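Heads up, the thing below is written out as structure tokens.
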Protein chains: 4
Amino acid sequence: MHTFIDHHIRVRYAETDQMAIVYHSNYLIWMEIGRVEYCRAKGITYRDLEAQAGILLVVAEVNCRYSSPALYDEEVVIRTRIVDATPRMVRFEYEINSCADSRRLASGFTKHVFCNRERKPTKLPEKYRAAFGI
Amino acid sequence: MHTFIDHHIRVRYAETDQMAIVYHSNYLIWMEIGRVEYCRAKGITYRDLEAQAGILLVVAEVNCRYSSPALYDEEVVIRTRIVDATPRMVRFEYEINSCADSRRLASGFTKHVFCNRERKPTKLPEKYRAAFGI
Amino acid sequence: MHTFIDHHIRVRYAETDQMAIVYHSNYLIWMEIGRVEYCRAKGITYRDLEAQAGILLVVAEVNCRYSSPALYDEEVVIRTRIVDATPRMVRFEYEINSCADSRRLASGFTKHVFCNRERKPTKLPEKYRAAFGI
Amino acid sequence: MHTFIDHHIRVRYAETDQMAIVYHSNYLIWMEIGRVEYCRAKGITYRDLEAQAGILLVVAEVNCRYSSPALYDEEVVIRTRIVDATPRMVRFEYEINSCADSRRLASGFTKHVFCNRERKPTKLPEKYRAAFGI
């Protein structure tokens with residue numbers, strides 16, 4: 001089991017809805033930010049993985065459980081780790097918490113298939129595997 | 001088991017990302033459209049449920065499996081049904097397909113807790129229960 | 001001066017913010033829908049223009065004046081016309097109104113430069129010019 | 001003329017579109033972040049202005065000129081200043097640049113009317129005026 005990498009963001013006004021809480025689909029965008037920063041912390045720039053190696057992390061499944069609503073302007077910590085990875089796929093797990101009071105906002109996972117530029121399944125090149133814990 | 005209610009949309013340019021496919025969080029927005037139209041087909045305007053009865057369907061969990069990417073400008077059918085409902089909660093299930101070739105784009109579910117205006121769990125008033133199949 | 005082409009949409013929950021009105025950047029997405037449907041009404045599928053002819057309408061400027069807030073679930077009509085066009089650029093004008101009471105929600109314009117796949121300025125091919133009124 | 005307040009963000013994958021550049025409506029969201037951080041730098045938390053004083057900065061007009069496309073994962077600086085303000089309205093001006101090479105991405109303005117909780121025009125209370133340079 002890998003350790004969590006933390007990344008902080010602040011809730012944008014555009015992310016709220018008329019319930020005066022963050023609209024639920026935005027948590028998936030936050031998870032994306034979390035895994036990009038996870039990769040960066042492990043020495044991989046996802047932009048380069050895509051642009052130079054031609055490897056895409058196509059999303060195969062997402063799951064999110066909502067515990068407490070995130071509110072406008074609050075600081076949020078996205079905690080990301082890898083819980084499963086093979087040369088074919090990777091599964092990230094997330095905990096999303098409020099910074100101010102540490103309350104759990106949401107948790108979930110995303111499963112990705114490594115694909116080439118034509119979005120066909122491929123194997124992650126050897127040189128990138130260590131960063132994903134493979 | 002309730003039958004599906006279908007609703008058609010067209011993919012917006014803003015919904016695509018640089019993989020040239022629909023960014024995955026948008027499917028959750030489509031699910032929201034699906035359940036609002038499901039309610040409308042059953043005689044309930046979700047806007048009124050919220051504004052007049054003060055009942056919110058707070059999202060407790062979402063799950064989405066992605067089968068084939070949705071592309072810009074294609075017509076998509078969102079198929080929505082209720083698979084479980086009590087006076088306390090409701091669970092919707094979705095199938096999202098391409099209209100042109102009927103290929104499966106995604107499927108998933110959302111689970112909601114009926115809440116009052118203070119976002120505290122409450123019971124769905126009697127008059128709305130039949131529409132949710134309770 | 002070209003006549004307006006009308007297209008109807010319904011406000012999504014995701015488009016609202018905690019002021020309980022549509023978040024202002026969504027009107028730009030509606031303008032995009034308006035001009036795509038304008039093109040379709042004139043016989044051009046913007047998707048094909050981009051995919052087959054390799055012509056992109058890169059946004060150079062946008063302006064929007066907000067008159068009255070759009071509300072959740074209301075039907076909105078996006079009225080779009082071309083007010084200026086040359087082989088190098090096109091300028092669209094928009095009126096966005098509520099369907100229920102015809103009140104003006106917003107109005108504005110977008111200016112676009114015709115670009116090739118490398119996003120460099122180019123001339124719109126002859127065969128497409130009539131549709132843009134050139 | 002007030003001086004610019006700078007705030008840095010990083011482009012999200014969700015903000016790109018199939019042209020492989022940032023979709024143009026996202027710049028309005030960045031402008032919103034810019035003015036919130038401008039207020040914070042001047043000692044006003046916009047969240048509190050809204051929640052405690054009941055003052056909303058309703059958007060009356062936006063304008064944005066796009067110079068060069070913002071790309072995925074690049075760092076962007078949002079420069080914000082007030083160019084006009086009265087107890088009734090405020091006008092912000094923005095410059096949005098790439099951090100890496102200082103190239104201009106976009107520039108624009110937003111005009112806001114101070115409103116009360118019912119979204120009716122009101123006067124900004126005295127205690128907040130200095131922060132807006134009134």
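Near residue A:128: Cβ cut-off under 11 Å, other residues only, Lys/Arg at +1 and Asp/Glu at -1. The net charge is +2. Springs join every pair of Cα atoms under 10 Å in this Gaussian network model of chain A, and among A:91, A:40, A:117 the largest mean-square fluctuation is at A:117.
Over all other residues within a Cβ to Cβ distance under 9 Å of residue D:61, the charged ones net out to +3, with Lys and Arg as +1 and Asp and Glu as -1. Computed over the Cα atoms of the stretch A:52-114, pair by distinct pair, the Kirkwood hydrodynamic radius stands at 13.0 angstrom. Using θ = phi - 60° in the Karplus curve 6.51 cos²θ - 1.76 cosθ + 1.60, the 3J(HN,Hα) couplings for the stretch B:101-113 round to 10, 6, 5, 6, 9, 6, 8, x, 9, 9, 10, 10, 10 Hz; x is entered for Gly and Pro. Net charge within 15 Å of residue D:116 by Cβ-Cβ distance, Lys/Arg positive one each and Asp/Glu negative one each, not counting residue D:116 itself? It works out to a net charge of +3. The relative contact order of the stretch C:31-93 comes to 31 percent, based on Cα pairs under 8 Å that sit 6 or more residues apart. Among the residues of B:55-65, the average count of other protein chain beta-carbon atoms within 10 Å of the residue beta-carbon is 6. Report summary: the helix-based calculation at 222 nm, which adds -39500 (n - 2.57) for every DSSP H run with n ≥ 4 and divides by the residues of chain C, gives -5500 deg cm²/dmol.
Computed on the Cα trace of the protein assembly as shown, the radius of gyration divided by the Kirkwood hydrodynamic radius gives Rg/Rh = 0.95. Globularity index of the stretch A:30-134 is 1.14 (Cα radius of gyration / 2.2 N^0.38 Å, N = number of residues). Above 21 Å lies some portion of the pair distances; for the stretch C:1-88, what is it as a whole percent of all C-alpha pairs? In whole percent, the long-distance tail amounts to 38. State, to one decimal in nm and shortest first, how far the label point of residue B:10 sits from each corresponding label point in the other identical copies (label point: 7 angstrom along Cα-to-Cβ). Those separations, rounded to one decimal, come out as 1.7, 3.7, 3.9 nm. A dipole drawn for the stretch A:24-134 from +1 and -1 charges on Cβ atoms has a positive end, and of A:102, A:62, A:77 the residue lying farthest that way is A:62. Zone of residue C:53 (label point 7 Å along Cα→Cβ, backbone N under 17 Å): which residues in the stretch C:111-133? C:112-133, by backbone N distance to the label point.
Each other copy places its own label point for residue B:83 at 1.9, 5.1, 5.4 nm from this one, sorted shortest first, where the point lies 7 Å along the Cα-to-beta carbon line.
Shortest first, residue B:54 label-point distances to identical copies amount to 1.9, 6.1, 6.3 nm, with the label point at 7 Å from Cα along Cα→Cβ.
Any read-out appearing in this document is the output of simple, stated calculations on the displayed coordinates, not a laboratory observation. Worth saying up front: this structure is predicted, and the values here are computed from it rather than measured. We place every Cβ from the backbone using ideal geometry, glycine too, and count neighbours over all the protein chains shown.
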